[in-house]
Structures are given as structure tokens and as C-alpha cells.
Amino acid sequence: MPFIAPWTGENVPSPAAMATRLGRAGYGIGYADEYGIADRVRGALWVRVPVKPGAGGPLLGRIHALRQRQAMTHMLCQGCGQPTVGGRADQRHLFLTASATGRPVAEGEKTVSPPSCAGCALEAVQEGLPSGRRYVAVLVEHAVVWGVAGIVYSPHTLAPVLRDVGNEFTLVAYDDPRLPWTLACREVVALHGCTAVDLRDLSERTPA
Ligand SMILES: [Zn+2]
């Protein structure tokens, strides 16, 4: 059961009334009953989701918004939830991302996919992905806080703005003027100091 996957018991929507709110960055969206650090991080309003790990069965292939954020913030493995800090002598982090093209991760590329420990990466690669997508692995020196992936709301209608076809979320940087109007659903980091990793090397160097 991947650390960042939700459980069926967490799959209950938490309806919250959306309101216009005057914050430090000017007007934006807020919850009518907004409270403290649980709802807002770095100025971004976060989607409310229940946190009940272990409740019911796992929802594989899905992502729990708050554990995704936790994994990104603290560099926890998305598979087992253990810290990837100090996991390697060179202090780099291994990121494994699903790709349609197989193209290596570019310098500064943004991702919502938290790091992986070597063991979980190997397990994921062995299990594979549905056809049409494959894993790309990269060792990263710095995963830099960049912004959020979420739903942008219209200041005029307080309704979600239409997204590009095929994109679940819009990527919004922390300095983007749309940030106060965005409901954050994923933490986004930019990957710097990238060295592509051959997945075959990963398999050979990691004891089973
Ligand atoms: Zn792991």
C-alpha cells in the first residue's frame, strides 16, 4: 500500500463552503469556516480530505492530497513513507516519474510525484505501469519548493475556471497572482541538479 495512496475510508468528500476572503496577498478564495495551518500552507488554500490511514481498502493509483504534501515537504518515500533524506551517501534524492514519452527529466522540471527510496523504486519498476506509460528515474540534488497543482477559481463567479483538456490540475507557482484563487491539491517541486538513472542500473545495484 503506497504511503501517498488514499484508503476507501478517506474517499469521503469534505464539503466546505467557499467564500471570498481578504488575506495578506489580497482577495482570494477561503473557507467560510477556515482554520489555521490545516487549511492554508504558504498562502495556498488546501483541499480538505479526511485523514484516516488504514480505514477500509487501498485505492491504488490514486493520491491522497495531504500525504502527498507531507511526502514532498519532508522528502518521504511515496511508497513506504520513510525519509529519503540521508538514504544515499551523496545526499541526492531518487525521483521516479511515470512518463508517456520516456524522455529524461529536464533540469528544473516540475513534478507532483514525491521521491522514492531505492527499494520502493525497484518494486514499482518491477510491477510496471499500464501500457502507454513507463517509468523514468532521476537522481536530484535539490527539490525546490515551486508551487501547487490545483483548481483555479474565478474571482467573479467563485466557480472553477475551465482547465486545459486532459489536465486534472493547473500548475500555479507560489508567486503567481492566481495563487490566492487556487484550491491546492498537490505540492509541486522543481527538480535541480538532475542526473538520469538507467532503470536497469537501479535493478542491478539494489539488493532484492
Ligand atoms: Zn520506500
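The values are calculated or read from the model by the stated rules, or taken from the named source; none is laboratory data. Bear in mind that the values here come from a model prediction, so they are computed numbers and not experimental data. In this analysis, Cβ positions are derived from the backbone assuming ideal geometry, glycine residues included, and neighbour counts consider all displayed protein chains. Please note that ligands, DNA and RNA were not included when accessible areas were found on the heavy atoms of the full protein model with its side chains. Shrake-Rupley method; radii C 1.70, N 1.55, O 1.52, S 1.80 Å.
Can you name the number of the only condition in (1) open to solvent by 70 Å² or more (accessible area, probe 1.4 Å); (2) closer than 23 Å to G81 by Cα that L202 fails?
If we test L202 against (1) open to solvent by 70 Å² or more (accessible area, probe 1.4 Å); (2) closer than 23 Å to G81 by Cα, just (1) comes out false.
Please go through the range 64-87 and pick out each residue that is part of a loop (DSSP other than H, G, I, E, B), within 13 Å of the ligand (Cβ to nearest atom) and not polar (S, T, N, Q). Walk me through how you get there before you give the answer.
Residues of the range 64-87 part of a loop (DSSP other than H, G, I, E, B): 64, 75, 77-82, 84-87.
In the following step, the residues that additionally are within 13 Å of the ligand (Cβ to nearest atom) were identified as 75, 77-82, 84-85, 87.
Within the range 64-87, M75, C77, G79, C80, G81, V85, G87 qualify.
I need the full set of residues from the range 19-37 which are open to solvent by 50 Å² or more (accessible area, probe 1.4 Å), out of contact with any Pro (no Cβ under 7 Å at 6 or more places or on another chain) and not in a loop (DSSP other than H, G, I, E, B), in order please.
The answer is T20, R21, L22, G36, I37.
Listed residues V197, V188; which is open to solvent by less than 20 Å² (accessible area, probe 1.4 Å) and either touching a Cys at 6+ places or on another chain (Cβ under 7 Å) or not aromatic (F, W, Y) (or both)?
Every option except V188 fails the conditions.
Table: residues versus (1) of a type outside the set (K, R); (2) farther than 30 Å from A19 by Cα; (3) part of a strand (DSSP E or B).
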position: V125; (1), (2), (3): yes, yes, no
position: L139; (1), (2), (3): yes, yes, yes
position: H142; (1), (2), (3): yes, yes, yes
position: V145; (1), (2), (3): yes, no, yes
position: H156; (1), (2), (3): yes, no, no
position: L171; (1), (2), (3): yes, no, yes
position: D176; (1), (2), (3): yes, no, no
position: L183; (1), (2), (3): yes, no, yes
position: T195; (1), (2), (3): yes, yes, yes
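Any residue that is in a loop (DSSP other than H, G, I, E, B), more than 15 Å from the chain's Cα centre (by Cα), away from the ligand (no atom under 16 Å from the Cβ) and within 30 Å of C194 (Cβ to Cβ) - is there at least one of those in the range 49-59? It would help to see each step written out before you state the result.
Taking the range 49-59 first, the residues in a loop (DSSP other than H, G, I, E, B) are 49-57, 59.
Narrowing further to those that are more than 15 Å from the chain's Cα centre (by Cα): 50-57, 59.
Okay, now just the ones that are also away from the ligand (no atom under 16 Å from the Cβ), so 50-52, 54-57, 59.
Adding the requirement that they be within 30 Å of C194 (Cβ to Cβ) leaves none.
Within the range 49-59, none of the residues are in a loop (DSSP other than H, G, I, E, B), more than 15 Å from the chain's Cα centre (by Cα), away from the ligand (no atom under 16 Å from the Cβ) and within 30 Å of C194 (Cβ to Cβ).
Going by the conditions given, is V145 of a type in the set (A, V, I, L, M), out of contact with any strand residue (DSSP E or B) (no Cβ under 9 Å at 6 or more places or on another chain) and more than 16 Å from the ligand (Cβ to nearest atom)?
On the way: of a type in the set (A, V, I, L, M): yes; out of contact with any strand residue (DSSP E or B) (no Cβ under 9 Å at 6 or more places or on another chain): no; more than 16 Å from the ligand (Cβ to nearest atom): yes.
No: the conditions fail for V145.
Take the residues of the range 42-77 that are among the β-branched types (V, I, T) and out of contact with any helix residue (DSSP H, G or I) (no Cβ under 7 Å at 6 or more places or on another chain): which is least open to solvent (accessible area, probe 1.4 Å)? Break it down into steps so the answer makes sense when it comes.
Narrowing the range 42-77 to residues among the β-branched types (V, I, T): 47, 49, 51, 63, 73.
Narrowing further to those that are out of contact with any helix residue (DSSP H, G or I) (no Cβ under 7 Å at 6 or more places or on another chain): 63, 73.
On the way: I63: 60, T73: 76 Å².
Out of the qualifying residues, it is I63.
Residue-wise test of (1) modelled with pLDDT of 90 or more; (2) closer than 20 Å to A149 by Cβ.
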{"position": "P2", "(1), (2)": "yes, yes"}
{"position": "G9", "(1), (2)": "yes, no"}
{"position": "M18", "(1), (2)": "no, yes"}
{"position": "A32", "(1), (2)": "no, no"}
{"position": "G56", "(1), (2)": "yes, no"}
{"position": "T73", "(1), (2)": "yes, yes"}
{"position": "G81", "(1), (2)": "yes, no"}
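Pick from the range 124-137 the residues that are more than 21 Å from R69 (Cβ to Cβ) and within 16 Å of the ligand (Cβ to nearest atom): which of them is least open to solvent (accessible area, probe 1.4 Å)? Break it down stepwise before answering.
Here is the first cut: in the range 124-137, the ones more than 21 Å from R69 (Cβ to Cβ) are 125-137.
After this cut, where a residue has to be within 16 Å of the ligand (Cβ to nearest atom) as well, the list is 125-127, 135, 137.
Values: V125: 37, Q126: 136, E127: 143, Y135: 54, A137: 3 Å².
It comes out as A137.
How many residues does the range 100-123 hold that are in a strand (DSSP E or B), more than 10 Å from the ligand (Cβ to nearest atom) and under 17 Å from R62 (Cα atoms)?
Narrowing the range 100-123 to residues in a strand (DSSP E or B): 110-111, 116.
Those still in the list that are more than 10 Å from the ligand (Cβ to nearest atom) too: 110-111.
Next, from what is left, pick out any that are under 17 Å from R62 (Cα atoms): 111.
Here the count works out to 1.
Which condition number does G166 fail, the rest of (1) open to solvent by 50 Å² or more (accessible area, probe 1.4 Å); (2) in contact (Cβ under 8 Å) with a residue 60 or more places away in the chain; (3) assigned to a loop (DSSP other than H, G, I, E, B) being met?
For G166, the exception is condition (2).
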